[in-house]
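Scroll down for the structure; my scribbles are underneath it.
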Amino acid sequence: MPLFGQEHVERYQATDGEEGHDWQGTQTLLLTTTGRKSGQQRTTPLIYAPHDGAFMIVASKGGSDNLSNLQPLQWENNRNKGDSTSGNYCKIAA
């Protein structure tokens, strides 16, 4: 059974990425964001690729066909917060 959602996060964290990093022919990282309304931290597995010495993440909402909301919540939570590499809003484990 493929990893998905919270199970993916828990297995990735428990094995320090040994399970969950390589996923269905690609690589994933864990992105932890702070909710803009709730202030709660949430961790989500996202597909990524190395790009110019940094990580390029795929914000696709799991490939959803729902055109009314193509931007996942992580995008909304971080797009206007400035430098997400400061550690104040966005933490990445790869």
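For the reader, a short list of remarks on this structure follows.
- Members of the range 1-18 that are closer than 19 Å to ILE57 by Cα and either surrounded by 14 or more Cβ atoms within 10 Å (Cβ to Cβ) or among the aromatic types (Phe, Trp, Tyr) (or both): LEU3, PHE4, HIS8, VAL9, TYR12, GLN13, GLY17
- Annotation note: of GLU10, GLU76, the sole residue that is charged (D, E, K, R) and modelled with pLDDT of 65 or more is GLU10.
The values are calculated or read from the model by the stated rules, or taken from the named source; none is laboratory data. Since this is a predicted model, take the numbers as computed values, not measurements. Counting neighbours? That spans all protein chains shown, and the Cβs are built from the backbone with ideal geometry, glycine included.
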